[in-house]
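Enquirer: Supplied in structure tokens, the structure appears directly below.
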Amino acid sequence: QVQLVESGGGLVQPGESLRLSCEATGFSATIYTMAWYRRVPGKQRELVASITRDGITSYSDDVKDRFAIFRENSKNSVHLQMNYLRREDTAVYYCNRYGTTYAWGPGTQVTVSS
């Protein structure tokens with residue numbers, strides 16, 4: 001059974017950092033382009049970052065130069081290092097395949113507030 005479990009969220013102040021983790025089970029995340037998404041209440045889920053099976057990364061303009069997506073293939077996991085967090089980064093963050101998604105996991109809440 002496919003499962004995606006995100007972790008690492010929390011409450012931080014503007015300018016601080018967080019590292020999110022996503023553990024995938026039931027499929028090999030290593031062979032797919034994986035992505036992190038986020039959702040703010042009342043808005044659609046948006047793509048934040050993606051990484052191909054070969055390690056090529058892509059970012060939304062909002063997070064480019066602040067966030068970094070990377071793989072940990074030995075753990076079938078994908079991580080999102082978030083630096084210089086801003087209030088507008090507050091959202092629930094999810095990971096999934098890029099494009100053709102599996103069922104969404106619970107996500108992890110990131111709150112950036114002073």
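The values are calculated or read from the model by the stated rules, or taken from the named source; none is laboratory data. Keep in mind that what you see is a predicted model, and the values were worked out from it rather than measured. Positions of Cβ are backbone-derived with ideal geometry, glycine not excepted, and every protein chain shown enters the neighbour counts. For the accessible areas, the whole protein counts, side chains as well, though only heavy atoms, and no ligand, DNA or RNA atoms are used. Shrake-Rupley method; radii C 1.70, N 1.55, O 1.52, S 1.80 Å.
Enquirer: Just give me the residues in the range 48-65 being open to solvent by less than 70 Å² (accessible area, probe 1.4 Å) and under 20 Å from residue 109 (Cα atoms), in sequence order.
Expert: Correct list: 48, 49, 50, 59, 60, 63.
Enquirer: Check off (1) out of contact with any Phe, Trp or Tyr (no Cβ under 9 Å at 6 or more places or on another chain); (2) surrounded by fewer than 13 Cβ atoms within 10 Å (Cβ to Cβ) for residue 15 and give me the number that stays unchecked.
Expert: Evaluating residue 15 over (1) out of contact with any Phe, Trp or Tyr (no Cβ under 9 Å at 6 or more places or on another chain); (2) surrounded by fewer than 13 Cβ atoms within 10 Å (Cβ to Cβ) leaves (1) as the failure.
Enquirer: Additional query: Look through 24, 68, 103, 91 and report the one residue that is closer than 21 Å to residue 2 by Cβ and either without any contact (Cβ under 8 Å) to a residue 12 or more places away in the chain or surrounded by 12 or more Cβ atoms within 10 Å (Cβ to Cβ) (or both).
Expert: After ruling out the rest, the residue left standing is 24.
Enquirer: I'm told residue 30 meets every condition in (1) out of contact with any helix residue (DSSP H, G or I) (no Cβ under 6 Å at 6 or more places or on another chain); (2) surrounded by 14 or more Cβ atoms within 10 Å (Cβ to Cβ); (3) within 16 Å of residue 102 (Cα to Cα) except one. Can you identify the failing condition by its number?
Expert: Residue 30 satisfies all of (1) out of contact with any helix residue (DSSP H, G or I) (no Cβ under 6 Å at 6 or more places or on another chain); (2) surrounded by 14 or more Cβ atoms within 10 Å (Cβ to Cβ); (3) within 16 Å of residue 102 (Cα to Cα) except (1).
Enquirer: I'd like the residue in the range 1-12 that is open to solvent by less than 30 Å² (accessible area, probe 1.4 Å) and in contact with a Gly (Cβ under 6 Å, 6 or more places away or on another chain) and, out of all such residues, is farthest from residue 111 (Cα to Cα).
Expert: It comes out as 4.
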